[in-house]
Amino acid sequence: MQFRAPNRLIDRADALAAVLGEDRTDVLVTALREYLQDAAHDDALTQEIAAAYYDDEINFEQLKALVGAEEAANLRVLKQQLDEDFIDEVADA
């Protein structure tokens with residue numbers, strides 16, 4: 001896997017890695033892990049993730065990786081209910 005980033009960002013990661021006695025990869029992996037963890041608890045972003053799942057832009061496994069197993073299960077149930085409601089509405093029309 002290749003990763004591209006602005007030189008200034010890489011320089012900052014290298015400087016922090018030197019301070020921590022780690023390598024750049026460790027610093028970037030930690031930063032990415034923390035970002036994704038924070039994103040999973042951001043209500044607005046969670047709504048965007050749910051919308052992407054409802055629109056079939058991401059699959060259930062991707063949803064689960066982003067929001068956790070419990071929240072993903074809840075969103076799957078809601079999606080099934082929404083799909084059933086849509087089918088009922090179309091059948092009644």
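Descriptive notes on the structure:
- Checked against (1) surrounded by fewer than 10 Cβ atoms within 10 Å (Cβ to Cβ); (2) modelled with pLDDT of 95 or more, A91 passes all but condition (2).
- Enumeration of residues in region 33-73 that are in a helix (DSSP H, G or I), of a type in the set (D, E) and closer than 24 Å to E84 by Cβ: E48, E61, E70, E71
- In region 31-47, residue modelled with the lowest pLDDT [restricted to those that are surrounded by 14 or more Cβ atoms within 10 Å (Cβ to Cβ) and within 28 Å of R12 (Cβ to Cβ)]: A40
- Conditions (1) within 12 Å of the chain's Cα centre (by Cα); (2) modelled with pLDDT of 90 or more; (3) part of a helix (DSSP H, G or I): number failed by D26: (1)
The values are calculated or read from the model by the stated rules, or taken from the named source; none is laboratory data. Because the structure is a prediction, the values reported are computed rather than measured. All Cβ positions, even for glycine, are placed from backbone atoms using ideal geometry, and neighbour counts span all protein chains on display.
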